[in-house]
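The values are calculated or read from the model by the stated rules, or taken from the named source; none is laboratory data. Keep in mind it's a predicted model, so treat the numbers as computed, not measured. Neighbour counts run over all protein chains shown; Cβ positions are idealised from the backbone, glycine included.
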Amino acid sequence: MVQTQSYGAEARGSAAQSEVIISDHVIKYPKVRQCDILIAMSQPALNKYVENLKEGGVLLLDKDMIKTVPKLEAKIFQVPATSTAEAKLKRKIYANTVMLGALTKATRIISQEAMKSTIKNSVPKEMLRENLRGFQLGLQLVEDLRAAT
């Protein structure tokens with residue numbers, strides 16, 4: 001697995017990017033050329049990075065923050081991550097772990113237990129309960145989206 005990120009000036013409210021490459025083979029080039037899965041948490045991020053999504057890929061987007069979705073040949077999950085975090089966890093900062101739950105359920109690229117373990121090892125103890133709850137909420141949101149279709 002290889003992970004790269006680009007924040008710089010973008011961290012102040014514009015589009016930020018983080019890439020993860022997961023492979024059973026040697027990764028020879030650490031940058032994503034075309035992604036299988038794209039998560040967009042803002043309109044600027046979607047606008048900037050949607051061209052990198054492979055045809056037939058998976059797009060998860062925060063439907064609270066994105067109002068215009070281009071026509072794509074992709075499986076699209078419109079996840080209300082921000083509003084769910086605000087309503088259920090009282091802080092929109094948890095929208096990212098809501099989206100991690102949605103990613104886990106929508107793609108099954110990683111097991112739920114592995115993602116929970118990663119969250120446990122990545123967040124401060126005082127925020128762990130809410131982050132794990134956000135993760136569970138994201139799992140349920142995708143379950144609900146699938147049931148509605």
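Take region 8-26 and flag every residue that is loosely packed, with under 12 Cβ neighbours inside 10 Å and either farther than 20 Å from Ile110 by Cα or at pLDDT 80 or above (or both).
Across region 8-26, the qualifying residues are Gly8, Ala9, Ala11, Arg12, Gly13, Asp24, His25, Val26.
Which fully enclosed helices (runs of 4 or more DSSP H) of region 57-136 have 2 or more residues being touching a Phe, Trp or Tyr at 6+ places or on another chain (Cβ under 9 Å) and within 18 Å of Met41 (Cα to Cα)?
Result: 81-89, 95-107.
Does Ile110 qualify as being surrounded by fewer than 17 Cβ atoms within 10 Å (Cβ to Cβ) and either in contact with a Leu (Cβ under 9 Å, 6 or more places away or on another chain) or among the hydrophobic types (A, V, I, L, M, F, W, C) (or both)?
Answer is yes for this residue.
The conditions are (1) under 24 Å from Asn131 (Cα atoms); (2) of a type outside the set (Val, Ile, Thr); (3) modelled with pLDDT under 95, and Ala85 fails exactly one of them. Which is it?
Just one mismatch for Ala85, condition (3).
Under 7 Å between Cβ atoms, which residue pairs at least 6 apart in sequence (or on different chains) link something in region 36-64 that is without any contact (Cβ under 8 Å) to a residue 12 or more places away in the chain and surrounded by 16 or more Cβ atoms within 10 Å (Cβ to Cβ) with a partner that is among the small types (Gly, Ala, Ser) and assigned to a strand (DSSP E or B)?
No pair meets every condition.
Kindly provide the set of residues from region 51-75 that are among the hydrophobic types (A, V, I, L, M, F, W, C) and under 10 Å from Ile37 (Cα atoms), ordered by number.
Within region 51-75, Leu53, Val58, Leu59, Leu60, Ala74 meet the criteria.
If Gln136 passes every condition in (1) within 23 Å of Ala16 (Cβ to Cβ); (2) out of contact with any strand residue (DSSP E or B) (no Cβ under 8 Å at 6 or more places or on another chain) but one, which one does it miss?
Condition (1) is where Gln136 drops out.
Could you check region 88-97 and list, in sequence order, the residues that are crowded, with 21+ Cβ neighbours inside 10 Å and among the hydrophobic types (A, V, I, L, M, F, W, C)?
Scanning region 88-97 gives a single hit, Ala95.
So if I check each of Leu72, Leu128, Leu100, Leu141, which one is crowded, with 16+ Cβ neighbours inside 10 Å and over 12 Å from the mean Cα position of the chain (by Cα)?
Only one candidate passes the filter, namely Leu141.
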